[in-house]
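Asks: Got a structure for you, written out below as structure tokens; questions coming shortly.
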Amino acid sequence: MTTSPDLPARPGTGPQAGSPTQVADLPARPGTGLLISVEGGDGVGKTTQIGLLEAALKEAGVEYVLTREPGGTELGASIRRLLLHGGYVSPRAEALLYAADRAHHVATCILPALERGAVVLTDRYLDSSVAYQGAARALGPQEVRDLSLWATGSLLPDLTVLLDADPALTAQRARERGLGDRIEQEPDSFRATLRQEFLDLAAAEPDRFVVVDAAQEIEAVGRQVSAAVLPLLRERLAQGRLARRGSAGRLAQQGTEQPARGSTEQPARGSTEQLAQRAQEVGQ
Ligand code: TYD
């Protein structure tokens, strides 16, 4: 009998066969909007690339919500503090807290935005749990994925951009940022496992994932990321499945909790003219 690392085996009992059940409280994925997640190990440059993408979404004139996990909602912000800046959290509790953050995030922020036809750009989503808790913490990728699928009513992104780089490089970048949260203090083996799991996930779902070499210059990474995102944006716009920014007001404030970083904020520094021009063309 195998057990996950943080729980001792309970003598005299075996796993119980569960009966298949349905998640009842979440609506089916709406046919509008676009859900894009950006994934990768710590220090791969997610924040910079998300800033560039935000600039492109602004230029394209579409409604969008920029959010993140953990911490995309008020409840999530509390969970984030517990996870990243509190005391020791046991691996299973960690997995459940990330899943709880995600469940609330989907129900109160992501789904309502998709229903309104917005592009939702999320800094991390379910694949982070599979890679960090499932693989790097050895809780089991499939179990952790199933937990998140239950939490989200099986909502998967339309597109996942995986920023991939050598763990030695990402560790150096994380150190340079000097944030030092709990997970960034993990050893090199943790990062190596993490990277491999992300790559395996991408290989298993090639239609959903785009893998970008994050060791390149920022602009080169940005070009590859936009080459993955803009055609999809163009396609959804042509199908009338995306809302344009306009009189309807800002999405992030309509009846949902405010995401950690809303669409009212300025795009990040360093957006390139080229990217902006291509995004503008998409919106025309
Ligand atoms: P992130 O917000 O990307 O960190 P930062 O803003 O410091 O770059 O992610 C926070 C940390 O949480 C990061 O180390 C990855 C980890 N994490 C998980 O372990 N599991 C998850 O499901 C998610 C979403 C994040």
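Read the figures in this text as sums done on the coordinates, not as results from a lab. For clarity, every value in this text was computed on a predicted model and none was experimentally measured. Don't worry about glycine lacking a Cβ; one is built from the backbone with ideal geometry, like all the others, and counts go over all protein chains shown.
Asks: Non-local amide H neighbours of Val65 (under 5 Å, H modeled in plane, Pro and chain starts lacking H): which ones?
Replies: Val119, Val120, Leu121
Asks: Roughly speaking, what is the stretch gain from Glu205 to Gln185, that is 0.36 nm per residue apart minus the C-alpha to C-alpha distance, in nm to one decimal? Write down the numbers at each step before the final one.
Replies: On the way: separation 20, 0.36 × 20 = 7.20 nm, distance 2.96 nm.
Taking 0.36 nm per residue and subtracting the Cα distance, the gain is 4.2 nm.
Asks: Give me a comma-separated list of calculated 3J(HN,Hα) values for the stretch 201-212, in order, Karplus coefficients 6.51, -1.76, 1.60 applied at θ = phi - 60°, integers in Hz, x for any Gly or Pro.
Replies: Values per residue, Gly and Pro as x: 4, 5, 5, 6, 10, x, 6, 8, 9, 10, 9, 10 Hz.
Asks: Next question. Output ³J(HN,Hα) for the stretch 218-228: one whole-Hz value per residue in order, computed from phi by the Karplus curve 6.51 cos²θ - 1.76 cosθ + 1.60 with θ = phi - 60°, and x for Gly and Pro.
Replies: Using θ = phi - 60°, the values come out as 3, 5, 5, 4, x, 5, 5, 5, 5, 5, 7 Hz.
Asks: Take the alpha carbon gyration tensor of the stretch 25-140, find the square roots of its eigenvalues, order them as a ≥ b ≥ c, and report rounded if a/c is under 1.5; if not, report prolate when a/b exceeds b/c, else oblate.
Replies: Working: a/c = 2.03, a/b = 1.49, b/c = 1.36.
Here the stretch 25-140 falls in the prolate category.
Asks: Taking the Cβ of Leu126 as the center, what net charge do the other residues with Cβ under 12 Å away carry, scoring Lys and Arg +1 and Asp and Glu -1? Show your work: numbers first, answer last.
Replies: Values: positive: Arg102, Arg124, Arg145, Arg208; negative: Glu39, Glu69, Asp101, Asp127, Asp146, Glu205.
Charge balance near Leu126 sits at -2.
Asks: If you take every residue apart from Glu205 with its C-beta less than 14 Å away from the C-beta of Glu205, what net charge results, scoring Lys and Arg +1 and Asp and Glu -1?
Replies: -4
Asks: Right, something else. Subtract the Cα-Cα distance of Leu156 and Leu169 from 0.36 nm times their separation in residues, and report this length gain in nm to one decimal. Present the calculation step by step, with values, prior to reporting the outcome.
Replies: Working: separation 13, 0.36 × 13 = 4.68 nm, distance 2.91 nm.
Using 0.36 nm per residue and subtracting the Cα-Cα distance, I get 1.8 nm.
Asks: Same structure, new question: Assuming R0 = 35 Å, can you tell me the calculated FRET efficiency for the pair Glu235 and Thr47, based on Cβ-Cβ distance, to the nearest 0.05? Could you put the intermediate results ahead of the total?
Replies: Numbers: r = 27 Å, r/R0 = 0.77.
With a Förster radius of 35 Å, E is 0.85.
Asks: Relative to the present Cα-Cα distance, how much length would full extension add between Ala77 and Gln142 at 0.36 nm per residue of separation? Numbers along the way, then the final one.
Replies: Numbers: separation 65, 0.36 × 65 = 23.40 nm, distance 2.64 nm.
Extending this stretch completely gives an extra 20.8 nm.
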